[in-house]
1. From (1) in a loop (DSSP other than H, G, I, E, B); (2) buried (at least 24 other Cβ atoms within 10 Å of the Cβ); (3) not assigned by TED's automatic domain parsing to the domain that holds F264, pick out the condition that doesn't hold for L125.
2. Could you list all residues from region 128-171 that are in a loop (DSSP other than H, G, I, E, B) and under 29 Å from L273 (Cβ atoms)?
3. Inside region 70-91, can you point out the residues that are over 12 Å from I12 (Cβ atoms) and not polar (S, T, N, Q)?
4. Of (1) aromatic (F, W, Y); (2) closer than 25 Å to V244 by Cβ; (3) surrounded by fewer than 21 Cβ atoms within 10 Å (Cβ to Cβ), W168 satisfies all except one. Which?
5. Going through region 274-289 one residue at a time, which ones are closer than 19 Å to A30 by Cα and of a type outside the set (S, T, N, Q)?
6. Taking region 212-235 on its own, how many of its residues are part of a helix (DSSP H, G or I) and without any contact (Cβ under 8 Å) to a residue 24 or more places away in the chain?
7. Consider A308 carefully, then state whether it is more than 18 Å from A93 (Cβ to Cβ), touching a residue at least 24 places away in the same chain (Cβ under 8 Å) and small (G, A, S).
8. Is it the case that region 285-294 has a residue that's more than 24 Å from L63 (Cβ to Cβ), at pLDDT below 90, polar (S, T, N, Q) and buried (at least 17 other Cβ atoms within 10 Å of the Cβ)?
Amino acid sequence: MHLYLYSFSMLISIFKSNQRIVNAFTGIVAIALWLVAFYRKEGDFLLDNKWLDMLVTVTLITLQAVWMNRIVNNHKLIERTTYLTSLCYVAMASTAFFSLSFHLILIANTFIIAAFWYLLHLYNLKDKLHLIFNASLLIGIAVLFYHPYVVFLPFVWFVVIYISSSVWRDFIISLIGFALPLVYLAAYYFIFNDLHTLNWTVDASAALEPAAFAMSLKTLLIVLGGLLLVAFYVLLQMMSRSIVRVRRLLWMVLVMGVLMAATFMLNGNNLALTLASLVLPVSVVMAAFFERLSRTWLAESLFLLFLANLIWVYFS
């Protein structure tokens, strides 16, 4: 275990680089974190095969991490071009999915990232109806896989009002885009006379009951919560000195985090699924925090503390 942990000791320094080759390490880190988890995990798997579950999971998480990092760099959400968002995304996803294996929320997150990408381009844009429609359509598709993401329809309206000049057509277009996938699904079931089988309940098989929390998991959540509190404070300081465009886009990230946390009330109080949702905004907040830390040894130590607790959960 000590050797396993030592292999992660320089990750912050590596991913703080602006060299594109660093992206290749994202998949390696994902495999390293997930290999042990899947080797030790027993139980049912959505794809009926442990290793196929791992392959699909690691591939999706890696691609999502790289995409989120590109979004952050392209929109200058953190001051310097780094690949810390990729690293934090993979680490956070490992926190959320150690009890999930492959889950449909992974697919839903892909569509949410795509919608977020469209919404970021709305800033001070006049010809924006196609972007609003595309983002709303993608959120509608995400809802098909994970229905608590219905909270993102109001998020579209918030973004339209907050970072662009809104008109009534924007809201109508968003409703149309959001409704299309849902109407199509309902029509499909209706045509084949299976409407009564349409199920909107969330699979709670991955639920983590507080009473059943092991000490290792409690410690992990405490460490993660502490890091997030400090990271949030650092982000607010950074936002106060940022240009208006970046400040508003970062507020979008924070509002997204609040909505992701709110899905806890819609998914049967499933903590694992809520953590899986929070991967998106938290990866940006954590990346901004580690990028701002000038003392590399401190950043490496904090990240190792988090990973040590995560690996403790794996082996406990």
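The values are calculated or read from the model by the stated rules, or taken from the named source; none is laboratory data. Worth saying up front: this structure is predicted, and the values here are computed from it rather than measured. A quick note on method: Cβ atoms are made from the backbone with ideal geometry, for glycine too, and the neighbour counts reach across all protein chains shown.
1. So the condition that L125 fails would be (2).
2. Taking region 128-171 and keeping what is in a loop (DSSP other than H, G, I, E, B), we get 128, 146, 164-167.
The one that is in a loop (DSSP other than H, G, I, E, B) and under 29 Å from L273 (Cβ atoms): Y146.
3. Those that are over 12 Å from I12 (Cβ atoms) and not polar (S, T, N, Q): R70, I71, V72, H75, K76, L77, I78, E79, R80, Y89, V90.
4. (2)
5. Residues satisfying the conditions are L275, A276, L278, V279, L280, P281, V282, V284, M286, A287.
6. Here is the first cut: in region 212-235, the residues part of a helix (DSSP H, G or I) are 212, 215-235.
Of the ones still in play, those that are also without any contact (Cβ under 8 Å) to a residue 24 or more places away in the chain are 212, 218, 221-222, 225-226, 229, 233.
Qualifying residue count for the region: 8.
7. no
8. Looking for residues that are more than 24 Å from L63 (Cβ to Cβ), at pLDDT below 90, polar (S, T, N, Q) and buried (at least 17 other Cβ atoms within 10 Å of the Cβ), one finds none in region 285-294, hence no.
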